[in-house]
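Only one structure is covered here, and it is reproduced in the block below.
The values are calculated or read from the model by the stated rules, or taken from the named source; none is laboratory data. Bear in mind that the values here come from a model prediction, so they are computed numbers and not experimental data. Here the Cβ positions follow ideal geometry from the backbone for every residue, glycine too, while neighbour counts run over all protein chains shown. Ligands, DNA and RNA are excluded from the accessible area calculation, which covers all protein heavy atoms including side chains. Shrake-Rupley method; radii C 1.70, N 1.55, O 1.52, S 1.80 Å.
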Amino acid sequence: MSRLVEMALHGNYSYRQEYAKNDPPIFDLNEMAGEKREAFDQSQALLENRLNELLGHLKGSIPLASYRNQSHMYWDVSLPGVIGYIAALLFNQNNVAAEASPVTTMLEIKVCDDLCRMLGYSLPTQDEVADGALKPWGHICCDGSVANAESIWAARNAKYLPIAFAEALRNEPSLACASNLTVQLLDGKRSRFLALDNWQLLNLPLDEVVGLAPRICKTMGISPEALTEVLGNYSVQSLGLVEFHRRFLPDVPAPVIMAPSPAHYSWPKGMALVGLGRQSMRVVAVDLDARMDMVALRRQLDKCLAERQPVMQVVAVIGTTEESAVDPLHDILKIREEYRQLGMEFSVHADAAWGGYFASMLREPLANPEDSAGSPSSHNLTNLVPAGSDAKQDLFTYDGLAVGMHMSDYVRRQYRALQHADTITVDPHKAGFIPYPAGALCYRNGATRDLIAFTAPVVYHGGVDPTTGVYGIEGSKPGAAAAAVWLSHSVIRTDQSGYGRLLGRCIFNSKRLYASLFQLAAEHPTVTVTPLQRLPAEKAGGTPFEIEEQKHILARSVAPRSNSQLLSVFESRPEVFELFRESGSDQSIVTYAFNFRTAEGENSDLQLMNDMNLDIFQQLSIQSYNGGHVPNAEMFVTSSEFSPDTFGQDFVDHYAQRCGVTPSKGMGLVYLISTTQNPWLTETMHNKKSENGNMLPELMKVLSRAAEKAAQKVIRRHGLGEPG
């Protein structure tokens, strides 16, 4: 790393020296003397002292790169990501406009093409675009919250644009030539645009809406600038939400979006930012696996249909931040097709901020990765890993581990559906191992970006764009972020050979941690542990015997094995592999709660169980700045609470009962979270802390000691007698 950083520094030095070589320097140390030299030396000494002070403070940070960091959705950053960021940082390019960032704007465009491919969008050729093919488009932003808010902004403007166009066509003489414009409806039939009522206008197909401005410009001979100026008198972008409704939709309720209850807090925030407010976000209940419930979604859609309330967007979370749950995107898209037949249209957004990079596990690399005009990491992303028994064969690809130990059939089905989502949030600074800040938003139909730009709408040709900054919420943004992603993608491909390989290991390790929790519970005399993520037998409504049998297999046949031993088990016992593959979370976050036993039996008090888990979290975390000392916690986890207000009383009650406690109405359930983003957690150098090259037994010992200590504290505090 030191050598590569030095290369980056010298690259910048030589660049500075080669431009206008004969210009005088700012100063020359060899000629500096007296007070100036003294001041320079003092400044240099001050900087070094302050840097040492900062380095001391930073020792109080969580050790991200350690095997023992099993807390939040981060691990170490990739080496090419760090070097790319440092190299571009020295040039300090601002990707708000191409003239301020001619190099890193180009890198951002190529990176986002790569992200679109990874997520499943097909990038057409220039000839295909000329024939009408839709070209996806994306851009880098600071994080997933901004990307989510931008998707709401685009969905809102798309919902209202037909109303604005209809008013403009009726009232503007310059647009009279377009009075007979026709559009395609949801049922596939065409109709005269001005013959539609407001409900029909608010429910035109999204691609039809996005294509309105380019069609008018192209077929009616109106310039984009002239059309933009006219629309300025009618668009919600210009008038604002209150005035727009007052003028054109006085009797139409404001549109809503729908998102699952565990959705990120950026969603109500985004609704407030676009003027609709958090009450216009309809929260959809989740099932027992923390995934959006399709019955609950239908009820919400039926209510809006009956009340003729427009629906802007339905959000599917592809990896919740605490449960690692993947919503049934495939089913949401099927439901949208049903409601389109009833005259209702809405966009579908995939919030894959956390889970987007896991799509690389489904992408096969090109035979020749240099095939695509210098685009970084250009791959064939249409060939997916076969399902079923073929997935087991893939288990033995790439060092025998990485890719096959991945997604359940359910999760794979949702990732295959990503290509049909209208917009997708993905964060390179999460599962892409890129330094902060690096989020991204990708559009299935790249022309959708024009709906939020404060510039003239233009026909989207798919060429190199003059800028990316005009299409997002942010203004200034670091070109270094795009360079970091580009260099990382160039070295670590966004397919099974690169990111898929790394993230496949992460999911494999997460499933191993899940199995190890059952081993801990089976071997500990006084504590129990219950993962939120149910076993396949539990999901299928199996008998207690079947459930216990699966726990036993994971605890005895999976958890104690080395990786090589486990592969042998999978080869000889396919049913164990199938159980392993279908167990655990949808990605690499495992959620679990401890409980304890006394001589009288298992604790049944929810509050006491909460106290125990909170104590474990306090033992295995950093609560605040610790004075710049290296942390002494043996392991790091994080914690949260299942609140009945968010998840529903039935959800909390069910999990509480599985943990062995009696539910209490209105009381939440405190739980622990382990995010397994270290690809080498179970494949380490052999030493006394790593049994068979596996650090999980050591981490289970830490968890076991922390749970025992917390249980003893609760037992003593409440005078509950001797442990069981």
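Measure out, as a whole number of angstrom, how far apart the alpha-carbon centroids of region 513-552 and region 560-584 sit. About 16 Å separates the Cα centre of region 513-552 from the one of region 560-584. The residues of region 519-624 present an accessible area of 39 Å² per residue when probed at 1.4 Å with all protein chains retained.
One decimal place: the segment Lys334-Asp207 gains 44.0 nm when fully extended, by the rule 0.36 nm per residue minus the C-alpha distance. Note on surface exposure: Lys430, Lys551 rank Lys551, Lys430 by accessible area, highest first, 1.4 Å probe.
Given a 1.4 Å probe and every protein chain left where it sits, what share in percent of the accessible area of region 226-372 is carbon and sulfur? The nonpolar share, carbon plus sulfur, comes to 50 percent. Let me know the shape class of region 559-713, please: from the alpha-carbon gyration tensor, a ≥ b ≥ c as square roots of the eigenvalues, rounded when a/c is under 1.5, otherwise prolate if a/b is greater than b/c, or oblate. Verdict is oblate for region 559-713.
With every protein chain kept in place and ligands, DNA and RNA left out, what is the accessible area per residue of region 185-291? Probe 1.4 Å, answer in Å².
Numbers: 4810 Å² over 107 residues.
Per-residue accessible area for region 185-291 comes out at 45 Å².
Return, ordered by residue number, the residues of region 144-186 whose backbone nitrogen is under 14 Å from a label point located 7 Å along Cα→Cβ of Arg192. The answer is 170, 177-183, whose backbone nitrogens lie closer than 14 Å to the label point.
Could you look at region 549-603 and say what percent of its accessible area is carbon and sulfur, using a 1.4 Å probe and all protein chains?
On the way: 880 of 1980 Å².
Carbon and sulfur atoms account for 45 percent of the accessible area of region 549-603.
A straight Cα-to-Cα reach below 23 Å connects Lys269 with the lysines Lys159, Lys430, Lys477, residues fewer than 8 places away in its own chain not being considered.
Go ahead and estimate [θ] at 222 nm for the chain from helices alone: -39,500 (n - 2.57) per DSSP H run with n ≥ 4, summed, over the residue count, rounded to 500. Numbers along the way, then the final one.
On the way: 27 runs with 313 residues, N = 724.
After summing the helix terms and dividing by residue count, I get -13500 deg cm²/dmol.
Under the simplified labelling scheme, the Ile622-Asn180 pair shows an inter-label distance of 7.1 nm, with each label point 7 Å from Cα along Cα→Cβ.
Gain in length, Thr662 to Asn171, computed as 0.36 nm per residue apart minus the alpha-carbon separation, to one decimal in nm?
Numbers: separation 491, 0.36 × 491 = 176.76 nm, distance 6.56 nm.
This chain segment gains 170.2 nm when fully extended.
Here the convex hull built on the C-alpha positions of the chain has a volume of 200 cubic angstrom per residue. The antiparallel fraction among DSSP beta bridges confined to the chain stands at about 65%.
Per-residue SASA remark: Asp131, around 140 Å² accessible (1.4 Å probe; ligands, DNA and RNA not included). When the listed pairs Lys59/Lys110; Lys303/Lys334; Lys539/Lys713; Lys511/Lys709 are checked against a 30 Å cut-off, the alpha-carbon distance exceeds it for Lys59/Lys110; Lys539/Lys713. Within region 516-544, name every residue whose backbone N is under 20 Å away from a label modeled 7 Å from Cα of Asn692 along the Cβ vector. 516-524, by backbone N distance to the label point.
Compute the distance from the alpha-carbon center of region 190-230 to that of region 233-307, in whole Å. Region 190-230 and region 233-307 have Cα centres spaced 24 Å from each other. Straight Cα distances below 19 angstrom link Lys189 to the aspartates and glutamates Asp197, Asp207, Glu208, Glu337, Glu338, Glu345, with same-chain residues fewer than 8 positions distant left out. Start at zero, step by 5 Å, and the Cα-Cα distances of region 207-320 spread as 2, 10, 15, 17, 16, 14, 11, 8, 4, 2, 0, 0 percent across the bins. A protection proxy built from the mean count of other Cβ atoms within 10 Å ranks the segments 653-665, 35-47, most packed first, as 653-665, 35-47. Once the C-beta distance of Tyr74 and Ser122 is scaled by a Förster radius of 41 Å, the resulting FRET efficiency is 0.85 to the nearest 0.05. As a length-normalised measure over Cα pairs under 8 Å and 6 or more apart, the relative contact order of the chain settles at 19 percent. Over the Cα atoms of region 1-141, each weighted equally, I'd like the Debye log10 I(q)/I(0) at q = 0.21 Å⁻¹, rounded to two decimals. The Debye formula, applied to the Cα set alone, gives -1.35. Each Cα pair of region 468-547 feeds into the Kirkwood radius, which the Stokes-Einstein equation turns, at 25 °C and 0.890 mPa s, into a diffusion coefficient of 143 µm²/s.
What is region 93-157 by shape, rounded, prolate or oblate, if you read a ≥ b ≥ c off the alpha carbon gyration tensor as root eigenvalues and call it rounded for a/c under 1.5, prolate for a/b larger than b/c, and oblate otherwise?
Note, shape of region 93-157 comes out oblate.
Using the Cα coordinates of region 524-650, the gyration tensor eigenvalues translate into equivalent-ellipsoid semi-axes of 30, 22, 16 Å, sorted from longest to shortest. How much FRET efficiency would the formula 1/(1 + (r/R0)^6) give for Ala100 and Val242, where r is the Cβ-Cβ distance and R0 is 35 Å, rounded to 0.05? Computed FRET efficiency for Ala100 and Val242 comes out at 0.50. Modelled this way, with points 7 Å down the Cα-to-C-beta line, the labels at Arg298 and His552 are 3.9 nm from one another. Here the label points at Val491 and Val470, each 7 Å from Cα along the C-beta direction, are separated by 3.6 nm in the simple model.
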